[in-house]
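Asks: Have a look at the structure that comes next, please.
The values are calculated or read from the model by the stated rules, or taken from the named source; none is laboratory data. Everything numeric here is computed off the predicted structure, so don't read it as measured data. So basically every Cβ, Gly included, is an ideal-geometry build from the backbone, and we count neighbours across all protein chains shown.
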Ligand SMILES: [Fe+2]
Ligand SMILES: [Fe+2]
């Protein structure tokens with residue numbers, strides 16, 4: 001009996017150690033996923049810093065230009081905040097090419113290429129910019145959730161600050177779209193009548 005109990009006890013103990021090791025390994029894997037996604041959005045924000053001035057220059061509407069300029073200054077803030085998030089998570093700052101953001105900004109460049117300066121191009125630029133915002137919202141929301149689950153409260157709080165700003169920018173762009181889409185529609189109607 002003793003042997004059996006001892007055996008069970010040993011097994012239980014070794015299971016305990018095994019599950020602890022498993023938990024640690026799972027946590028490491030999760031942190032790796034989190035780190036990879038942090039590096040991805042860090043690349044994306046830095047990429048936006050390069051792209052947004054081109055979008056602002058290409059916009060015809062002064063309000064839209066202002067929105068892009070504001071987004072540019074936000075992107076600088078978001079890069080600084082991400083550095084804090086890396087530190088609060090015990091990670092080195094790093095960057096990994098974000099294929100998603102690269103593709104979305106290429107779509108924005110296509111709009112500029114395909115349409116002359118005016119309200120139709122502006123309508124297209126808003127679509128491209130909102131796709132960017134939605135990508136950022138998804139990225140920051142997911143990172144905040146991962147940070148929370150890993151007990152990285154400070155990082156989660158900082159990620160939430162940026163997430164709130166992304167949502168506000170998206171709302172601002174939706175507001176601009178209402179006017180600009182209408183203008184673009186009226187312009188096409190006028191062109192139809194002229195032809
Ligand atoms: Fe951002
Ligand atoms: Fe943004």
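Asks: Which of the residues spanning the range 50-87 are within 17 Å of residue 106 (Cα to Cα), exposed (fewer than 15 other Cβ atoms within 10 Å of the Cβ) and within 14 Å of ligand 1 (Cβ to nearest atom)?
Replies: 50
Asks: Here is a further query. Residue check: is residue 45 under 21 Å from the mean Cα position of the chain (by Cα), under 30 Å from residue 117 (Cα atoms), at pLDDT 95 or above and within 16 Å of ligand 2 (Cβ to nearest atom)?
Replies: On the way: under 21 Å from the mean Cα position of the chain (by Cα): yes; under 30 Å from residue 117 (Cα atoms): yes; at pLDDT 95 or above: yes; within 16 Å of ligand 2 (Cβ to nearest atom): yes.
Yes, satisfied.
Asks: Among the candidates 108, 100, single out the residue that is under 12 Å from the mean Cα position of the chain (by Cα) and within 16 Å of ligand 2 (Cβ to nearest atom).
Replies: 100
Asks: Which number in (1) touching a residue at least 24 places away in the same chain (Cβ under 8 Å); (2) within 13 Å of ligand 2 (Cβ to nearest atom) marks the one condition that residue 164 misses?
Replies: Condition (1) is where residue 164 drops out.
Asks: Using the structure shown, decide if residue 171 is surrounded by fewer than 14 Cβ atoms within 10 Å (Cβ to Cβ), within 16 Å of the chain's Cα centre (by Cα) and at pLDDT 95 or above.
Replies: On the way: surrounded by fewer than 14 Cβ atoms within 10 Å (Cβ to Cβ): yes; within 16 Å of the chain's Cα centre (by Cα): yes; at pLDDT 95 or above: yes.
Against the criterion (surrounded by fewer than 14 Cβ atoms within 10 Å (Cβ to Cβ), within 16 Å of the chain's Cα centre (by Cα) and at pLDDT 95 or above), residue 171 qualifies.
Asks: Restricting the range 142-156 to residues that are assigned to a helix (DSSP H, G or I) and surrounded by 15 or more Cβ atoms within 10 Å (Cβ to Cβ), which is farthest from ligand 2 (Cβ to nearest atom)?
Replies: Within the range 142-156, the subset assigned to a helix (DSSP H, G or I) is 142-149, 153-156.
In the following step, the residues that additionally are surrounded by 15 or more Cβ atoms within 10 Å (Cβ to Cβ) were identified as 142-144, 146-148, 155-156.
On the way: 142: 15, 143: 14, 144: 15, 146: 19, 147: 19, 148: 21, 155: 19, 156: 19 Å.
Out of the qualifying residues, it is 148.
Asks: If we keep just the residues of the range 139-161 that are within 13 Å of ligand 1 (Cβ to nearest atom) and in contact (Cβ under 8 Å) with a residue 40 or more places away in the chain, which is farthest from residue 33 (Cα to Cα)?
Replies: Step by step, filter the range 139-161, then rank; the result is 161.
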